[in-house]
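Below is one structure, written out as C-alpha coordinates; comments come after it.
The values are calculated or read from the model by the stated rules, or taken from the named source; none is laboratory data. Bear in mind the structure is a predicted one, so any value in this text is a computation, not a measurement. Don't worry about glycine lacking a Cβ; one is built from the backbone with ideal geometry, like all the others, and counts go over all protein chains shown. Quick note on the areas: whole protein, heavy atoms, side chains included, nothing else; ligands and nucleic acids left out. Shrake-Rupley method; radii C 1.70, N 1.55, O 1.52, S 1.80 Å.
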Amino acid sequence: KHEVKCLSIIVLGASGDLAKKKTFPALFHLFQQGFLQENDVHIFGYARTKLSDDDLRERIRGYLSHKSSSGQTEVLSRFLQLIKYVSGSYDSEDGFQLLNKEISEHEISKNSQPGTSRRLFYLALPPSVYPSVCRMIRRYCMNQSDLGGWTRIVVEKPFGKDLKSAEDLSAQLGELFDEQQLYRIDHYLGKELVQNLLVVRFANRFFLPLWNRDNIDNIQIVFREDFGTEGRGGYFDEYGIIRDIIQNHLLQVLCLVAMEKPVSLKPEHIRDEKVKVLQSVLPIKLEEVVLGQYEGYKDDPTVSDSSNTPTFATVILRIDNERWEGVPFILKAGKALNSRKAEIRVQFKDVPGDIFKCKKQGRNELVIRLQPSEAMYMKLTVKKPGLEMSTIQSELDLSYGLRYQNVKIPEAYERLILDTIRGDQQHFVRRDELRVAWEIFTPLLHRIDAGQLKPISYKPGSRGPAEADELLAKAGYVQTHGY
Ligand code: BG6
(Lines give C-alpha, C1' and ligand atoms only; values in the text may rest on other atoms or scores of the structure.)
Protein backbone atom coordinates (compact mmCIF):
# COMPACT_ATOMS: atom_id res chain seq x y z
CA LYS A 1 0.00 0.00 0.00
CA HIS A 2 2.85 2.35 0.78
CA GLU A 3 4.59 1.74 -2.48
CA VAL A 4 7.81 3.73 -2.85
CA LYS A 5 7.74 5.26 -6.29
CA CYS A 6 9.15 8.64 -6.34
CA LEU A 7 12.79 9.70 -6.13
CA SER A 8 14.04 13.19 -5.31
CA ILE A 9 17.71 13.91 -5.70
CA ILE A 10 18.77 17.06 -3.94
CA VAL A 11 22.16 18.48 -4.84
CA LEU A 12 23.32 20.89 -2.16
CA GLY A 13 26.01 23.22 -3.39
CA ALA A 14 24.39 23.06 -6.82
CA SER A 15 26.16 26.12 -8.16
CA GLY A 16 29.64 24.86 -7.21
CA ASP A 17 32.40 23.14 -9.07
CA LEU A 18 31.92 19.58 -7.85
CA ALA A 19 28.23 19.67 -8.74
CA LYS A 20 28.95 21.02 -12.20
CA LYS A 21 31.85 18.73 -13.01
CA LYS A 22 30.84 15.52 -11.30
CA THR A 23 27.37 15.32 -9.79
CA PHE A 24 25.18 16.68 -12.58
CA PRO A 25 27.13 14.93 -15.36
CA ALA A 26 26.81 11.64 -13.45
CA LEU A 27 23.07 12.18 -13.06
CA PHE A 28 22.79 13.01 -16.74
CA HIS A 29 24.57 9.81 -17.73
CA LEU A 30 22.29 7.78 -15.49
CA PHE A 31 19.33 9.49 -17.12
CA GLN A 32 20.67 8.81 -20.61
CA GLN A 33 21.01 5.14 -19.80
CA GLY A 34 17.50 4.90 -18.41
CA PHE A 35 18.41 4.50 -14.73
CA LEU A 36 16.56 7.68 -13.87
CA GLN A 37 13.07 7.79 -15.33
CA GLU A 38 11.28 11.03 -16.09
CA ASN A 39 8.04 9.98 -14.46
CA ASP A 40 9.81 8.96 -11.30
CA VAL A 41 12.61 11.41 -10.62
CA HIS A 42 12.99 15.02 -9.77
CA ILE A 43 16.25 16.82 -9.16
CA PHE A 44 16.62 19.83 -6.88
CA GLY A 45 19.57 22.12 -6.77
CA TYR A 46 20.11 24.09 -3.56
CA ALA A 47 22.73 26.76 -2.98
CA ARG A 48 23.17 30.27 -1.68
CA THR A 49 23.53 31.96 -5.04
CA LYS A 50 20.33 33.56 -6.30
CA LEU A 51 19.50 31.77 -9.52
CA SER A 52 16.36 30.86 -11.41
CA ASP A 53 15.64 27.27 -12.48
CA ASP A 54 16.68 28.26 -15.98
CA ASP A 55 19.92 29.87 -14.85
CA LEU A 56 20.99 26.63 -13.22
CA ARG A 57 19.86 24.59 -16.21
CA GLU A 58 21.86 26.77 -18.57
CA ARG A 59 24.99 26.42 -16.44
CA ILE A 60 24.67 22.68 -16.53
CA ARG A 61 23.83 22.68 -20.22
CA GLY A 62 26.90 24.78 -20.92
CA TYR A 63 29.13 22.28 -19.17
CA LEU A 64 27.48 19.15 -20.52
CA SER A 65 26.95 20.16 -24.13
CA HIS A 66 30.59 21.07 -24.35
CA LYS A 67 31.42 17.55 -23.07
CA SER A 68 28.82 15.38 -24.78
CA SER A 69 28.56 14.57 -28.43
CA SER A 70 26.05 16.13 -30.75
CA GLY A 71 22.75 14.36 -31.16
CA GLN A 72 22.24 14.43 -27.41
CA THR A 73 20.72 17.87 -27.22
CA GLU A 74 17.22 16.49 -27.06
CA VAL A 75 18.04 14.10 -24.19
CA LEU A 76 19.91 16.84 -22.44
CA SER A 77 16.94 19.20 -22.67
CA ARG A 78 14.65 16.52 -21.23
CA PHE A 79 17.13 15.96 -18.41
CA LEU A 80 17.40 19.66 -17.63
CA GLN A 81 13.64 19.92 -17.35
CA LEU A 82 13.83 17.64 -14.31
CA ILE A 83 15.89 20.19 -12.43
CA LYS A 84 14.49 22.83 -10.11
CA TYR A 85 16.46 25.32 -8.08
CA VAL A 86 15.93 26.53 -4.53
CA SER A 87 18.13 29.20 -3.08
CA GLY A 88 18.97 29.48 0.59
CA SER A 89 21.84 29.44 3.00
CA TYR A 90 23.18 26.31 4.64
CA ASP A 91 21.87 27.09 8.08
CA SER A 92 18.62 28.76 7.17
CA GLU A 93 15.44 27.29 8.55
CA ASP A 94 13.42 29.12 5.90
CA GLY A 95 15.59 27.79 3.12
CA PHE A 96 15.20 24.17 4.17
CA GLN A 97 11.50 24.56 4.86
CA LEU A 98 11.10 25.92 1.37
CA LEU A 99 13.17 23.08 -0.02
CA ASN A 100 10.99 20.59 1.81
CA LYS A 101 7.87 22.26 0.46
CA GLU A 102 9.15 22.02 -3.09
CA ILE A 103 10.09 18.38 -2.69
CA SER A 104 6.75 17.54 -1.08
CA GLU A 105 4.81 19.26 -3.84
CA HIS A 106 6.70 17.27 -6.40
CA GLU A 107 6.01 14.06 -4.48
CA ILE A 108 2.31 14.83 -4.34
CA SER A 109 2.31 15.59 -8.05
CA LYS A 110 3.67 12.07 -8.56
CA ASN A 111 0.83 10.65 -6.47
CA SER A 112 3.23 9.59 -3.80
CA GLN A 113 1.91 9.40 -0.25
CA PRO A 114 3.73 11.92 1.94
CA GLY A 115 6.66 10.23 3.63
CA THR A 116 6.79 7.25 1.30
CA SER A 117 9.12 8.61 -1.34
CA ARG A 118 12.89 8.45 -1.57
CA ARG A 119 15.11 11.42 -0.87
CA LEU A 120 18.75 11.46 -1.73
CA PHE A 121 20.74 14.44 -0.46
CA TYR A 122 24.06 14.93 -2.19
CA LEU A 123 26.32 17.31 -0.27
CA ALA A 124 28.56 18.89 -2.91
CA LEU A 125 29.76 21.26 -0.20
CA PRO A 126 32.78 22.00 1.96
CA PRO A 127 32.71 19.80 5.07
CA SER A 128 32.59 22.83 7.35
CA VAL A 129 28.88 23.15 6.58
CA TYR A 130 28.04 19.42 6.82
CA PRO A 131 26.86 19.60 10.44
CA SER A 132 24.52 22.55 9.91
CA VAL A 133 23.16 21.20 6.62
CA CYS A 134 22.59 17.79 8.13
CA ARG A 135 20.81 19.32 11.11
CA MET A 136 18.50 21.20 8.75
CA ILE A 137 17.79 18.12 6.67
CA ARG A 138 17.09 16.12 9.81
CA ARG A 139 14.75 18.77 11.13
CA TYR A 140 12.84 19.74 8.00
CA CYS A 141 13.39 17.37 5.11
CA MET A 142 13.16 13.81 6.38
CA ASN A 143 11.11 11.02 5.02
CA GLN A 144 9.60 8.38 7.22
CA SER A 145 11.18 5.01 6.78
CA ASP A 146 8.32 3.37 8.68
CA LEU A 147 6.13 4.41 5.78
CA GLY A 148 8.50 2.87 3.26
CA GLY A 149 10.36 6.03 2.30
CA TRP A 150 13.98 6.75 2.90
CA THR A 151 16.45 9.58 3.29
CA ARG A 152 20.09 9.08 2.36
CA ILE A 153 22.96 11.50 2.67
CA VAL A 154 25.99 11.45 0.41
CA VAL A 155 29.11 13.18 1.70
CA GLU A 156 32.55 13.53 0.29
CA LYS A 157 36.00 13.97 1.75
CA PRO A 158 37.78 15.71 3.38
CA PHE A 159 36.21 14.08 6.40
CA GLY A 160 38.21 16.07 8.91
CA LYS A 161 41.91 16.86 9.00
CA ASP A 162 43.10 14.34 11.52
CA LEU A 163 41.77 11.68 13.85
CA LYS A 164 40.19 14.08 16.30
CA SER A 165 38.46 16.38 13.83
CA ALA A 166 37.24 13.38 11.81
CA GLU A 167 35.84 11.75 14.93
CA ASP A 168 34.12 14.99 15.90
CA LEU A 169 32.51 15.22 12.48
CA SER A 170 31.48 11.56 12.58
CA ALA A 171 29.94 12.05 16.01
CA GLN A 172 27.96 15.08 14.85
CA LEU A 173 26.61 13.30 11.79
CA GLY A 174 26.11 10.12 13.78
CA GLU A 175 23.75 11.91 16.13
CA LEU A 176 21.55 12.90 13.23
CA PHE A 177 21.63 9.86 10.97
CA ASP A 178 22.14 6.12 11.19
CA GLU A 179 25.19 4.67 9.54
CA GLN A 180 22.83 3.06 6.97
CA GLN A 181 21.77 6.53 5.85
CA LEU A 182 25.28 7.90 5.40
CA TYR A 183 27.18 7.31 2.17
CA ARG A 184 30.79 8.50 2.42
CA ILE A 185 32.08 8.68 -1.12
CA ASP A 186 35.62 7.80 -2.02
CA HIS A 187 35.36 7.99 -5.78
CA TYR A 188 38.28 5.59 -6.25
CA LEU A 189 35.95 2.84 -5.06
CA GLY A 190 33.79 3.54 -8.10
CA LYS A 191 36.55 2.99 -10.63
CA GLU A 192 36.19 -0.05 -12.85
CA LEU A 193 39.52 -1.64 -12.02
CA VAL A 194 39.20 -0.97 -8.33
CA GLN A 195 35.87 -2.78 -8.40
CA ASN A 196 37.62 -5.58 -10.24
CA LEU A 197 40.17 -6.18 -7.49
CA LEU A 198 38.19 -8.60 -5.37
CA VAL A 199 37.09 -10.52 -8.44
CA VAL A 200 40.61 -10.91 -9.73
CA ARG A 201 41.94 -11.93 -6.34
CA PHE A 202 39.21 -14.27 -5.20
CA ALA A 203 37.79 -15.73 -8.42
CA ASN A 204 41.07 -16.85 -9.96
CA ARG A 205 42.83 -19.96 -8.89
CA PHE A 206 46.26 -18.83 -9.92
CA PHE A 207 46.35 -15.77 -7.70
CA LEU A 208 45.10 -17.47 -4.53
CA PRO A 209 48.27 -19.38 -3.60
CA LEU A 210 50.61 -16.60 -4.71
CA TRP A 211 49.03 -13.67 -2.90
CA ASN A 212 51.22 -13.57 0.18
CA ARG A 213 54.64 -12.83 1.69
CA ASP A 214 56.11 -16.09 0.38
CA ASN A 215 55.74 -14.98 -3.22
CA ILE A 216 55.25 -11.23 -3.31
CA ASP A 217 58.23 -8.98 -2.68
CA ASN A 218 56.60 -5.56 -2.63
CA ILE A 219 53.45 -3.75 -3.73
CA GLN A 220 53.24 -0.23 -5.08
CA ILE A 221 50.08 1.83 -5.29
CA VAL A 222 50.83 4.90 -7.31
CA PHE A 223 48.96 8.07 -8.25
CA ARG A 224 50.52 10.69 -10.50
CA GLU A 225 49.13 13.81 -12.03
CA ASP A 226 50.85 15.88 -14.67
CA PHE A 227 49.30 19.12 -13.47
CA GLY A 228 49.64 21.10 -10.27
CA THR A 229 47.09 22.46 -7.87
CA GLU A 230 45.94 25.20 -10.26
CA GLY A 231 42.81 26.90 -9.02
CA ARG A 232 42.65 24.78 -5.86
CA GLY A 233 45.74 26.06 -4.09
CA GLY A 234 43.80 27.40 -1.12
CA TYR A 235 42.13 24.08 -0.39
CA PHE A 236 45.19 22.04 -1.19
CA ASP A 237 47.58 24.03 0.93
CA GLU A 238 45.49 23.26 3.97
CA TYR A 239 45.35 19.54 3.24
CA GLY A 240 48.36 18.38 1.22
CA ILE A 241 48.82 15.25 -0.83
CA ILE A 242 48.56 12.77 2.05
CA ARG A 243 45.09 13.94 3.05
CA ASP A 244 44.04 14.61 -0.54
CA ILE A 245 45.01 11.26 -2.06
CA ILE A 246 46.92 8.82 0.13
CA GLN A 247 44.88 8.60 3.33
CA ASN A 248 41.72 7.97 1.33
CA HIS A 249 42.05 6.89 -2.31
CA LEU A 250 45.29 4.91 -2.09
CA LEU A 251 44.51 3.45 1.30
CA GLN A 252 41.16 2.20 0.02
CA VAL A 253 42.95 0.50 -2.84
CA LEU A 254 45.41 -1.01 -0.36
CA CYS A 255 42.51 -2.47 1.61
CA LEU A 256 41.17 -4.27 -1.42
CA VAL A 257 44.60 -5.53 -2.41
CA ALA A 258 45.53 -6.75 1.06
CA MET A 259 42.33 -7.80 2.86
CA GLU A 260 41.35 -11.37 3.55
CA LYS A 261 38.52 -13.04 1.66
CA PRO A 262 35.21 -11.81 3.05
CA VAL A 263 32.62 -14.30 4.23
CA SER A 264 30.31 -13.10 1.46
CA LEU A 265 29.82 -10.09 -0.77
CA LYS A 266 27.52 -8.42 1.73
CA PRO A 267 28.74 -4.84 2.22
CA GLU A 268 29.27 -5.38 5.94
CA HIS A 269 31.35 -8.50 5.38
CA ILE A 270 33.59 -6.69 2.93
CA ARG A 271 33.93 -3.65 5.14
CA ASP A 272 34.70 -5.82 8.18
CA GLU A 273 37.71 -7.23 6.33
CA LYS A 274 38.86 -3.79 5.23
CA VAL A 275 38.82 -2.57 8.81
CA LYS A 276 40.82 -5.61 9.95
CA VAL A 277 43.59 -5.05 7.47
CA LEU A 278 43.80 -1.36 8.40
CA GLN A 279 44.03 -2.31 12.05
CA SER A 280 47.07 -4.45 11.21
CA VAL A 281 49.03 -1.55 9.74
CA LEU A 282 52.09 -0.72 11.85
CA PRO A 283 52.99 2.86 12.80
CA ILE A 284 54.70 4.65 9.91
CA LYS A 285 58.47 5.02 10.30
CA LEU A 286 59.78 8.47 9.40
CA GLU A 287 62.70 6.96 7.50
CA GLU A 288 60.13 5.32 5.23
CA VAL A 289 58.61 8.62 4.14
CA VAL A 290 59.76 11.01 1.42
CA LEU A 291 57.92 14.27 0.91
CA GLY A 292 58.19 16.66 -1.99
CA GLN A 293 56.89 20.03 -3.12
CA TYR A 294 57.11 21.12 -6.73
CA GLU A 295 58.97 24.28 -7.63
CA GLY A 296 56.53 27.09 -8.28
CA TYR A 297 53.81 25.70 -6.00
CA LYS A 298 54.13 28.72 -3.72
CA ASP A 299 53.73 31.16 -6.62
CA ASP A 300 49.99 30.56 -6.35
CA PRO A 301 48.65 33.63 -4.51
CA THR A 302 46.31 31.42 -2.45
CA VAL A 303 49.26 29.41 -1.11
CA SER A 304 51.28 30.70 1.82
CA ASP A 305 54.86 31.77 1.01
CA SER A 306 56.21 29.63 3.80
CA SER A 307 54.06 26.61 2.96
CA ASN A 308 55.41 23.28 4.14
CA THR A 309 52.63 21.35 2.39
CA PRO A 310 53.73 18.30 0.43
CA THR A 311 52.49 17.97 -3.14
CA PHE A 312 54.30 14.64 -3.39
CA ALA A 313 54.73 11.81 -0.92
CA THR A 314 56.00 8.27 -0.84
CA VAL A 315 55.02 6.42 2.31
CA ILE A 316 55.68 2.78 3.10
CA LEU A 317 53.03 0.94 5.06
CA ARG A 318 53.68 -2.41 6.68
CA ILE A 319 50.95 -4.83 7.53
CA ASP A 320 51.66 -6.94 10.54
CA ASN A 321 49.74 -10.12 9.80
CA GLU A 322 50.39 -13.65 8.67
CA ARG A 323 49.91 -12.88 5.00
CA TRP A 324 51.93 -9.68 4.71
CA GLU A 325 54.64 -9.46 7.34
CA GLY A 326 57.77 -8.09 5.69
CA VAL A 327 56.08 -6.95 2.45
CA PRO A 328 56.30 -3.19 1.95
CA PHE A 329 53.21 -1.46 0.58
CA ILE A 330 54.62 1.60 -1.11
CA LEU A 331 52.04 4.35 -1.50
CA LYS A 332 53.12 7.12 -3.78
CA ALA A 333 51.23 10.20 -4.95
CA GLY A 334 52.27 13.40 -6.59
CA LYS A 335 51.07 16.48 -8.42
CA ALA A 336 52.89 18.17 -11.29
CA LEU A 337 54.80 15.02 -12.26
CA ASN A 338 55.79 13.72 -15.67
CA SER A 339 52.59 11.75 -16.38
CA ARG A 340 49.01 11.15 -15.29
CA LYS A 341 48.56 7.61 -14.13
CA ALA A 342 47.15 5.53 -11.30
CA GLU A 343 48.28 1.94 -10.98
CA ILE A 344 48.97 -0.96 -8.67
CA ARG A 345 52.19 -2.93 -9.13
CA VAL A 346 52.49 -6.27 -7.44
CA GLN A 347 56.10 -7.36 -7.74
CA PHE A 348 56.88 -11.02 -7.15
CA LYS A 349 60.07 -12.39 -5.69
CA ASP A 350 62.93 -13.69 -7.80
CA VAL A 351 62.70 -17.23 -9.14
CA PRO A 352 65.08 -19.41 -7.13
CA GLY A 353 67.72 -21.15 -9.26
CA ASP A 354 68.36 -18.75 -12.14
CA ILE A 355 69.30 -21.30 -14.84
CA PHE A 356 68.55 -18.86 -17.68
CA LYS A 357 70.63 -16.16 -16.05
CA CYS A 358 67.70 -13.83 -16.63
CA LYS A 359 67.35 -12.43 -13.15
CA LYS A 360 68.76 -9.08 -14.20
CA GLN A 361 65.95 -8.59 -16.73
CA GLY A 362 63.49 -8.22 -13.92
CA ARG A 363 60.80 -9.92 -11.97
CA ASN A 364 57.27 -11.04 -12.54
CA GLU A 365 54.85 -8.23 -11.96
CA LEU A 366 51.12 -7.89 -12.06
CA VAL A 367 50.23 -4.34 -13.05
CA ILE A 368 46.69 -3.05 -12.68
CA ARG A 369 46.29 0.29 -14.37
CA LEU A 370 43.31 2.17 -13.01
CA GLN A 371 43.74 5.07 -15.44
CA PRO A 372 44.17 6.23 -18.07
CA SER A 373 43.39 3.33 -20.46
CA GLU A 374 42.35 0.69 -17.96
CA ALA A 375 44.47 -2.43 -18.22
CA MET A 376 45.85 -5.42 -16.37
CA TYR A 377 49.05 -6.98 -17.50
CA MET A 378 51.55 -9.47 -16.18
CA LYS A 379 55.20 -9.03 -16.82
CA LEU A 380 56.83 -12.35 -17.42
CA THR A 381 59.98 -13.81 -18.84
CA VAL A 382 59.70 -15.65 -22.14
CA LYS A 383 62.08 -17.02 -24.74
CA LYS A 384 63.03 -14.31 -27.16
CA PRO A 385 61.41 -15.31 -30.47
CA GLY A 386 64.02 -16.51 -32.95
CA LEU A 387 66.80 -19.01 -33.30
CA GLU A 388 68.74 -17.97 -30.23
CA MET A 389 67.92 -19.39 -26.81
CA SER A 390 67.74 -16.18 -24.89
CA THR A 391 65.10 -14.59 -22.71
CA ILE A 392 63.22 -11.33 -22.62
CA GLN A 393 60.61 -9.66 -20.43
CA SER A 394 57.22 -9.55 -22.10
CA GLU A 395 53.58 -9.18 -21.10
CA LEU A 396 50.31 -11.02 -20.88
CA ASP A 397 48.13 -8.06 -21.62
CA LEU A 398 44.47 -7.33 -20.97
CA SER A 399 43.92 -3.81 -22.23
CA TYR A 400 40.29 -2.91 -21.77
CA GLY A 401 40.21 -0.58 -24.77
CA LEU A 402 41.13 -3.47 -27.07
CA ARG A 403 39.35 -6.32 -25.39
CA TYR A 404 36.06 -4.56 -24.57
CA GLN A 405 35.85 -2.14 -27.45
CA ASN A 406 32.10 -1.72 -27.33
CA VAL A 407 31.76 -1.29 -23.61
CA LYS A 408 31.58 2.17 -22.17
CA ILE A 409 33.31 2.17 -18.83
CA PRO A 410 31.12 4.11 -16.41
CA GLU A 411 32.40 7.09 -14.50
CA ALA A 412 33.02 6.46 -10.82
CA TYR A 413 30.41 8.99 -9.71
CA GLU A 414 27.77 7.49 -11.97
CA ARG A 415 28.20 4.10 -10.42
CA LEU A 416 28.33 5.37 -6.87
CA ILE A 417 25.20 7.48 -7.18
CA LEU A 418 23.39 4.46 -8.59
CA ASP A 419 24.60 2.40 -5.62
CA THR A 420 23.21 5.05 -3.31
CA ILE A 421 19.81 4.89 -4.99
CA ARG A 422 19.90 1.11 -4.70
CA GLY A 423 20.99 1.24 -1.08
CA ASP A 424 24.22 -0.67 -1.60
CA GLN A 425 26.94 0.56 0.77
CA GLN A 426 29.64 -1.83 -0.36
CA HIS A 427 31.64 0.85 -2.14
CA PHE A 428 31.34 3.48 0.58
CA VAL A 429 33.55 4.08 3.58
CA ARG A 430 32.18 3.00 6.95
CA ARG A 431 32.71 5.12 10.04
CA ASP A 432 35.12 2.71 11.76
CA GLU A 433 37.10 2.34 8.54
CA LEU A 434 37.52 6.08 8.38
CA ARG A 435 38.67 6.20 11.97
CA VAL A 436 41.44 3.62 11.46
CA ALA A 437 42.53 5.36 8.26
CA TRP A 438 43.05 8.53 10.28
CA GLU A 439 44.78 6.64 13.08
CA ILE A 440 47.39 5.45 10.59
CA PHE A 441 48.26 8.86 9.20
CA THR A 442 47.59 11.32 12.02
CA PRO A 443 50.99 11.06 13.81
CA LEU A 444 52.81 11.67 10.51
CA LEU A 445 50.48 14.51 9.53
CA HIS A 446 50.95 16.23 12.87
CA ARG A 447 54.71 16.16 12.41
CA ILE A 448 54.42 17.65 8.94
CA ASP A 449 52.00 20.31 10.19
CA ALA A 450 54.45 21.17 12.96
CA GLY A 451 57.17 21.69 10.36
CA GLN A 452 59.25 18.78 11.67
CA LEU A 453 59.39 17.15 8.25
CA LYS A 454 60.26 19.22 5.22
CA PRO A 455 59.27 18.46 1.66
CA ILE A 456 62.10 18.21 -0.87
CA SER A 457 61.77 20.50 -3.82
CA TYR A 458 61.28 18.87 -7.27
CA LYS A 459 60.91 20.14 -10.79
CA PRO A 460 57.40 20.20 -12.25
CA GLY A 461 57.21 17.56 -14.98
CA SER A 462 59.78 15.32 -13.27
CA ARG A 463 59.42 11.97 -11.47
CA GLY A 464 59.45 13.73 -8.10
CA PRO A 465 62.39 13.80 -5.68
CA ALA A 466 65.16 11.30 -6.45
CA GLU A 467 65.05 10.32 -2.76
CA ALA A 468 61.71 8.63 -3.44
CA ASP A 469 63.30 6.31 -6.01
CA GLU A 470 66.06 5.55 -3.52
CA LEU A 471 63.48 4.64 -0.90
CA LEU A 472 61.75 2.38 -3.41
CA ALA A 473 65.00 0.58 -4.19
CA LYS A 474 65.72 0.22 -0.49
CA ALA A 475 62.29 -1.31 0.01
CA GLY A 476 63.24 -3.98 -2.53
CA TYR A 477 61.61 -2.76 -5.72
CA VAL A 478 63.52 -3.86 -8.81
CA GLN A 479 63.00 -1.98 -12.04
CA THR A 480 62.04 -4.36 -14.87
CA HIS A 481 63.07 -3.84 -18.46
CA GLY A 482 60.58 -4.60 -21.19
CA TYR A 483 61.54 -4.52 -24.82
C1 BG6 B 1 40.40 14.14 -5.80
C2 BG6 B 1 41.51 15.02 -5.33
O3 BG6 B 1 39.85 13.44 -4.72
O4 BG6 B 1 40.90 13.22 -6.74
C5 BG6 B 1 42.18 15.72 -6.48
O6 BG6 B 1 41.00 15.98 -4.43
C7 BG6 B 1 42.58 14.75 -7.56
O8 BG6 B 1 43.31 16.45 -6.04
C9 BG6 B 1 41.44 13.81 -7.89
O10 BG6 B 1 42.97 15.49 -8.70
C11 BG6 B 1 41.90 12.71 -8.82
O12 BG6 B 1 40.82 11.95 -9.24
P13 BG6 B 1 40.94 11.11 -10.58
O14 BG6 B 1 39.66 10.33 -10.62
O15 BG6 B 1 41.09 12.09 -11.70
O16 BG6 B 1 42.15 10.26 -10.43
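For the reader, a short list of remarks on this structure follows.
- Extreme residue, nearest to the chain's Cα centre (by Cα), among residues of the range 222-280 that are basic (Lys, Arg) and within 10 Å of the ligand (Cβ to nearest atom): 243
- All told, residue 411 meets the bar of being open to solvent by 90 Å² or more (accessible area, probe 1.4 Å) and closer than 19 Å to residue 223 by Cβ.
- Counting only residues that are within 16 Å of the ligand (Cβ to nearest atom) and open to solvent by 10 Å² or more (accessible area, probe 1.4 Å), the range 339-363 holds 4 of them.
- Unique residue being loosely packed, with under 14 Cβ neighbours inside 10 Å, modelled with pLDDT of 95 or more and more than 16 Å from the ligand (Cβ to nearest atom) when the list is 418, 366, 396: 396
- Counting only residues that are within 24 Å of the chain's Cα centre (by Cα), of a type in the set (Gly, Ala, Ser) and closer than 29 Å to residue 295 by Cβ, the range 412-460 holds 0 of them.
- Among the residues of this structure, residue 323 does not count as one that is farther than 30 Å from residue 460 by Cβ, among the basic types (Lys, Arg) and surrounded by 18 or more Cβ atoms within 10 Å (Cβ to Cβ).
- Restricting attention to the range 179-194 and to residues that are in contact (Cβ under 8 Å) with a residue 40 or more places away in the chain and more than 14 Å from the ligand (Cβ to nearest atom), the residue that is nearest to residue 415 (Cα to Cα) turns out to be 183.
- Number of the condition not met by residue 254 [criteria: (1) surrounded by fewer than 13 Cβ atoms within 10 Å (Cβ to Cβ); (2) under 25 Å from residue 127 (Cβ atoms)]: (1)
- Single residue of the range 293-310 satisfying the filter (over 21 Å from residue 438 (Cβ atoms) and touching a helix residue (DSSP H, G or I) at 6+ places or on another chain (Cβ under 7 Å)) that is surrounded by the fewest Cβ atoms within 10 Å (Cβ to Cβ): 305
- Scanning the range 373-382 turns up at least one residue that is within 19 Å of the chain's Cα centre (by Cα) and among the polar types (S, T, N, Q).
Residue-by-condition table, conditions (1) of a type outside the set (Ser, Thr, Tyr); (2) in contact with an Asp or Glu (Cβ under 9 Å, 6 or more places away or on another chain); (3) in contact (Cβ under 8 Å) with a residue 60 or more places away in the chain:
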| residue | (1), (2), (3) |
| --- | --- |
| 205 | yes, no, no |
| 209 | yes, no, no |
| 213 | yes, yes, yes |
| 222 | yes, yes, yes |
| 225 | yes, no, yes |
| 235 | no, yes, no |
| 242 | yes, no, yes |
| 249 | yes, yes, yes |
| 257 | yes, no, yes |
